[in-house]
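First comes the structure, then the notes that go with it.
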Amino acid sequence: MTSTPRILALAAAAALALSLAACSSTTTAQPGSSAAEETAAPTSAPCAGDEGVTFVVDSSALAGGADAQYCVPAEATIAAADVLAATGVETEGTDEYGDQVVCRVNGLPSATEPVGSTEDPAYVEECASMPAAFAYWSLWVKPAGGEWGYAEEGLSTLQVEPGDSLELLFTLDGEPAAPAS
């Protein structure tokens, strides 16, 4: 039979150990990240080899859009969401599906101006539900040394490796149908 004072002493010791661990200045890497990744700054060019993950945002199909490329340094598996966070790229989901569906990237397409579609010239993306089939963002993955393919997971669960590439691509009226390179 265990006495109440002994149980309280063990609980206090455990709480003290947790408190000390929380105050420690040592950073413990979480699965899919490392302390080096948390402090390394991305560059505005594709990665060379397996120094990190290349991330591309291609909104060139939209008026005012462009193609931006980043290299996010990584030495181990990293979450796609962490790649975006490192670059400062902001995404917006939809009312119905939240962040599971990307509706806007860095404010594009505009919430007040038509997207420029020939199929529906008056169409303005409201981010209420699924974007129109003629005007949408898609997520692509290219494994190191491989070919581009649609991501089978979303930004919140997708994990990538050093040497891999990610792309958020806006397709308008079927073009571009896939990443350029």
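The values are calculated or read from the model by the stated rules, or taken from the named source; none is laboratory data. Everything quoted here is computed from the prediction, not taken from an experiment. Neighbour counts are summed over all protein chains in view; Cβ atoms, including those assigned to glycine, are modelled from backbone coordinates with ideal geometry.
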Inset, instruction - Can you work out which of the residues in region 53-62 that are crowded, with 20+ Cβ neighbours inside 10 Å and of a type in the set (S, T, N, Q) is nearest to the chain's Cα centre (by Cα)? - result: T54
Inset, instruction - Report, by residue number, each residue of region 79-105 that is over 22 Å from T43 (Cα atoms), modelled with pLDDT of 95 or more and either among the acidic types (D, E) or in contact with a Lys or Arg (Cβ under 6 Å, 6 or more places away or on another chain) (or both). - result: E92, D95, E96
Inset, instruction - Search region 139-181 for residues being in contact with a helix residue (DSSP H, G or I) (Cβ under 9 Å, 6 or more places away or on another chain) and assigned to a strand (DSSP E or B), and hand back the single one that is surrounded by the most Cβ atoms within 10 Å (Cβ to Cβ). - result: V160
Inset, instruction - Keeping to region 63-105, report how many residues are in a loop (DSSP other than H, G, I, E, B) and surrounded by fewer than 18 Cβ atoms within 10 Å (Cβ to Cβ). - result: 15
Legend entry - Unmet criterion (only one of (1) surrounded by 13 or more Cβ atoms within 10 Å (Cβ to Cβ); (2) under 21 Å from V83 (Cβ atoms); (3) not hydroxyl-bearing (S, T, Y)) for P109: (2)
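If only one of V53, V89 is among the β-branched types (V, I, T) and in contact with a helix residue (DSSP H, G or I) (Cβ under 6 Å, 6 or more places away or on another chain), which one is it? Even if it seems obvious, please write down each step before you answer.
Values: V89 fails: in contact with a helix residue (DSSP H, G or I) (Cβ under 6 Å, 6 or more places away or on another chain).
On inspection, the qualifying residue turns out to be V53.
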Inset, instruction - Give the residue that is nearest to V57 (Cα to Cα), with candidates limited to residues of region 70-85 that are among the small types (G, A, S) and touching a helix residue (DSSP H, G or I) at 6+ places or on another chain (Cβ under 8 Å). - result: A74
Legend entry - Filtered residues of region 102-125 (kept if over 18 Å from the mean Cα position of the chain (by Cα), under 24 Å from A151 (Cβ atoms) and charged (D, E, K, R)): E125
Inset, instruction - Taking only region 80-133 into account, find how many residues are of a type in the set (D, E) and in contact with a strand residue (DSSP E or B) (Cβ under 6 Å, 6 or more places away or on another chain). - result: 1
Legend entry - Single unsatisfied condition, A76 versus (1) modelled with pLDDT of 95 or more; (2) over 22 Å from G154 (Cα atoms): (2)
